[in-house]
Amino acid sequence: MYSQKSNEEVERQQRAIFIFNFAQQVIWPEESRKDAFTIGVMGADPTIVNVNQMAQKRFVYGKPIQVRRINRISEIDDLHIIYVHKKYNFNVESILKQIRGKRILLITEGYSYNASMINMIRAEGTYKYEINKRLISRANLKMTSSLEEYAISSIDKWQELYKNAEEKLSAVTEENEQQKEIIEQQQEEIGHQQDAIVTQQKEIETKEEVILEKDYSIQNLSEDSELKNIALQEKIALEKKLERSIQKQIEQLKTQEEKIKQSDEQIEQQRQFLEYQNADIVEKEAILEKNTKTIVNQKRANQILILLLFFLGAASLWIFLSRRKSKRLNKLLKKQHTAIEEQSEQLASKNKELEQFAYIASHDLQEPLNTVSSFIELLEIEYKEKFDSDGKEILNFIKEGSVRMKKLIDALLQYSRLGRNLNFKAVDCSVILKELQADLKVVIEENDVLIETHNLPVVHGNDIELRLLFQNLISNGIKFRLPDTKPHIFIDCKQLEENIDDEVKKYWQFSVKDNGIGIPKEYQDRIFGIFQRLHSREEYKGSGIGLAHCEKIVKSHGGTIWLTSKKDQGSTFYFTIPT
């Protein structure tokens, strides 16, 4: 009995490990991750205890884990993962129907091939699994390449494992029956020799415990091997990351070594020059001493001394004037530098005050606007039928104006918040574009949009603001399109460098090109202004603040943004991000 419980405990522990590994290798959209990562276990499955124990020590996407028991299919909601074992007789098709469109990953065990998103089976002392790409994609979830690499890819292999597991179970059952028959025969042969029977039973129990302990040890070795394999994969990924970091540090050290080498060369040149000057001074002093001794009684000695004194005085005067001029220039430069710093501080303070004013103004304006909107709705409900056609039209104009005003205030509030988050990190632009295309999937399919990307790098910045930057530019390319034309947006990037004050600075230059209506040259200077529109609201919807957001995001990252465009020939927006 003890050995049986231990084996079941090992299986539950391995099952919990696999569930957490699947959670780490499936990607949920950013907005569906919420404050906590939730896992549900169907029925009276004791696996929930092991899952709960591991949840106390782990995080998924940096979020705490909550584990819940689900007793009925109708209770499945607001989860990330749901696990169910076939022995509890839940209908997998009913579960798939319940979670449709909810971005929930279904993990099953013991069901038929290709029945759910991820299906597990215990075989060869561990767990094997197969994945259903179609169901995972339909749930708007993504999986890593490593998850697909180790999955079972054919029904034949699945059936073979299932058959092997059943055969192994049958063999173990048959072996147990044979052992029971042997024990019964021995008991019949022993008869009334009670003491011998007790002794043999103890030996048999001892042997069974040894065998079970060996089986348990082998099972632990299999589990350890799997855990070590997972740890090895994580270690390899970490070592690759460390290798990239070390390589970058080596490049920086090489750059510093080159600068130090140049500095050493300059110091050596200065030292040689000083040695040459010292030697020259020593030589001149010897000559002067020799001449002084030879002409001390001569009349010309006084003239030479006077001449030397004159030159020394002139040199001293020139040095004095130079130092005085240098001090005056230093004071002037220091004064100008102080003034520039004061102006910079004033400008920063004014910018902060303007942002606070915009935030407070937009925030405080919402209260009276909400009051006006409420009274408009009250008028429309209570008195609309009492108005004539002109009154109804005026009421409709007032209602539309309040809605536009609310949208403008919300846009102004969002604009004031941009640039406050200076938490920069490494951001993979290709990942941002893939997630963005997934979020805009409905709009892209409705408008038959073609989006192409090329050479997208990893930059240092804020992922949320960069995502908003790309979203605004792509949305404009879709919105401002020519009639009867399929929108085509091409996003490219290249690394450039320029020499500023004898210092080479590198930066990424992005380009977002569309085939839309274009922007006339006379209007290109004003499109980045806040609430600037070139078309009426009836032609193209929007608040006119999207490109102002783009400019503020790029400037907060230390870059610039501009465009080239011709009417009816599309536009290309360029922006830079420092490396």
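The values are calculated or read from the model by the stated rules, or taken from the named source; none is laboratory data. Quantities reported herein were computed from a predicted structural model and do not represent experimental measurements. Please note: Cβ atoms are built from the backbone with ideal geometry, for glycine as well, and neighbour counts cover all protein chains shown.
The single condition among (1) modelled with pLDDT under 90; (2) touching a Cys at 6+ places or on another chain (Cβ under 6 Å) that Leu469 does not satisfy is (1). Here the condition is being out of contact with any Lys or Arg (no Cβ under 8 Å at 6 or more places or on another chain), under 24 Å from Ser145 (Cβ atoms) and in the same structural domain as Met143 (by TED's automatic domain parsing); of Glu30, Glu75, Glu93, Glu8, it holds for Glu30 alone. Within the stretch 21-35, which residues are modelled with pLDDT of 90 or more and part of a loop (DSSP other than H, G, I, E, B)? Within the stretch 21-35, Gln25 is the sole residue that qualifies. Cβ separations smaller than 6 Å between residues 6+ apart or across chains give the following pairs from the stretch 503-524 residues that are part of a strand (DSSP E or B) to residues that are among the aromatic types (Phe, Trp, Tyr): Phe510/Phe575; Ser511/Tyr574; Val512/Phe573; Lys513/Phe490.
Could you say which residue among Pro487, Pro457 is crowded, with 17+ Cβ neighbours inside 10 Å and in contact with a helix residue (DSSP H, G or I) (Cβ under 8 Å, 6 or more places away or on another chain)? Give the steps one after another, and end with the answer.
Working: Pro457 fails: crowded, with 17+ Cβ neighbours inside 10 Å.
Checking each option against the conditions leaves just Pro487.
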